Amino acid sequence: MLYKVCNMYCHTEFDRQDLFQEIVIQLWKSYPKFRGDSKFSTWLYRIALNTAISDLRNQKKNITLTAPDKLPTEIEDIQYYREKEEQLQQLHMAIGQLTEIEKAITMLYLEDKSYDEMEDILGINQNNLRVKMNRIKEKLRKLTKAVEHGIG
Amino acid sequence: MELDNLKDIWHDLSQKDTHQNSDEEIVKILQKRSQSPIAKMKRNLLLELITVLILYSLSIGYFLATAMGRYWEIALLLLVVGLGFIIYYHHKNRLLGEMQCVTCEVKSNLEKQLIMLEKYIRFYFVFGVVFTPIAFFAAGFIVLFKSPMQDAAGWFTGSKEYIVFIVIGLLVTIGSYFLNKWYIKKLYGQHIKKLKELLFQMEERE
């Protein structure tokens, strides 16, 4: 899960390692205070997303669109079906153009988190989340279409 | 392409995730220093405190030792200012400690960061703007009163040096206002803008 957050928010290997390190440090520091008031996964996502979103060093580099050759190396490494790989590349390119908050919502959605849990992690009320989710889906649809046609 | 159609690929990615950090690697990571903006601010604050303590100790020593202790009042003034700095650093460090809550909801963490950072900046600004002229005038008056070449009573009756001293003091006061304003904006302006932008993204609805 931590690698997914890093891949979502960073585009270079250096930035990914940097963010991974930061999240691990924050987890380590926060673990003694974990009282089990929330689910462990909620707690984990809060720390990972808080660190990624408020870590302003990396966000500057996120403005630009990811070039296919700079996509996470594991996509290249693993033997994937070509069609799926292309779809995933398109998804990553499209996600690269979302805002930091939209990325967080998209990731939680892809991770099959309920709106209840998303609200717990992000602090955005469910109605607002649904509105945002619809907007993100529409945005990604347009963005992936643009990528398919070589625009963007 | 629909986002829902990609869920399967996304989940496959978790199963095929080949990243596995060994215990050694994790220990190595944990030995490194945090590079988060707040951790960096805390480190800079500590460095600033150490620098101030060294410089003030040397200056106090110098004024106590020089000219047979004639300027001991300046040493005392520096001691008071130095103590003021310690209180100032303590307060800033406390604000930095309260600035981040990584285990809180993302939105409340961002709100907290923004509120605390604005408090921090306000304190930084007021302290800089008020303290600089006070220190300047206090030090200036001590030097002028203690100077063997000056007649303190005559000095106040509109002497040229007195006017120059007041004019420089006013320039320092005005200058410190603008300098602090510019420096704070340079240091934290982008950070505050980004936090406001993130909160706007969270609250924004169609």
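The values are calculated or read from the model by the stated rules, or taken from the named source; none is laboratory data. This one's a predicted model, so the numbers in the text were calculated from it and none came from an experiment. FYI the Cβ positions are ideal-geometry reconstructions off the backbone, even for glycines, and counts take in every protein chain you see.
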Taking the condition in a helix (DSSP H, G or I), at pLDDT below 90, within 26 Å of residue A:53 (Cα to Cα) and in contact with a helix residue (DSSP H, G or I) (Cβ under 8 Å, 6 or more places away or on another chain), does residue B:64 pass? no
Applying the selection to segment A:114-135, what residues are buried (at least 22 other Cβ atoms within 10 Å of the Cβ), free of Cβ contacts under 8 Å to residues at least 60 places away in the same chain and under 16 Å from the mean Cα position of the chain (by Cα)? A:118, A:132
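Take segment A:1-32 and flag every residue that is assigned to a helix (DSSP H, G or I) and either β-branched (Val, Ile, Thr) or at the interface with chain B (Cβ under 7 Å from one of its Cβ atoms) (or both).
We begin by selecting, within segment A:1-32, every residue assigned to a helix (DSSP H, G or I); these are A:2-9, A:13-32.
Within segment A:1-32, A:3, A:5, A:18, A:21, A:22, A:23, A:24, A:25, A:26, A:28, A:30 qualify.
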Answer with yes or no whether residue A:115 is in contact with a helix residue (DSSP H, G or I) (Cβ under 6 Å, 6 or more places away or on another chain), under 27 Å from residue B:34 (Cα atoms), modelled with pLDDT of 80 or more and more than 10 Å from chain B (Cβ to nearest Cβ). no
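Residue-by-condition table, conditions (1) surrounded by fewer than 16 Cβ atoms within 10 Å (Cβ to Cβ); (2) modelled with pLDDT of 85 or more:
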| site | (1), (2) |
| --- | --- |
| B:83 | yes, yes |
| B:93 | yes, yes |
| B:115 | yes, yes |
| B:135 | no, no |
| B:180 | no, yes |
Checking residue A:139 against (1) in contact (Cβ under 8 Å) with a residue 40 or more places away in the chain; (2) at the interface with chain B (Cβ under 7 Å from one of its Cβ atoms), only one condition comes out false. Which one? (2)
Of all residues being modelled with pLDDT under 65 and part of a helix (DSSP H, G or I) in segment B:137-173, which is nearest to residue B:63 (Cα to Cα)? Just the residue, please. B:152
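Considering only segment B:76-92, I want to know if a residue exists there that is basic (Lys, Arg), under 30 Å from residue A:41 (Cα atoms) and touching a helix residue (DSSP H, G or I) at 6+ places or on another chain (Cβ under 9 Å). I'd like the intermediate steps shown before the answer.
Step one: list which residues in segment B:76-92 are basic (Lys, Arg), which gives B:92.
Narrowing further to those that are under 30 Å from residue A:41 (Cα atoms): none.
Within segment B:76-92 (the criterion being basic (Lys, Arg), under 30 Å from residue A:41 (Cα atoms) and touching a helix residue (DSSP H, G or I) at 6+ places or on another chain (Cβ under 9 Å)), the answer is no, since none of the residues qualifies.
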Out of (1) under 24 Å from the mean Cα position of the chain (by Cα); (2) more than 26 Å from residue A:32 (Cα to Cα), the one residue B:68 does not meet is (1)
Would you please name the residue that is farthest from residue A:116 (Cα to Cα), looking only at residues in segment B:67-108 that are within 14 Å of chain A (Cβ to nearest Cβ), part of a loop (DSSP other than H, G, I, E, B) and touching a residue at least 12 places away in the same chain (Cβ under 8 Å)? B:99
So, in segment A:33-44, exactly how many residues are part of a helix (DSSP H, G or I) and facing chain B (nearest Cβ under 9 Å)? 2
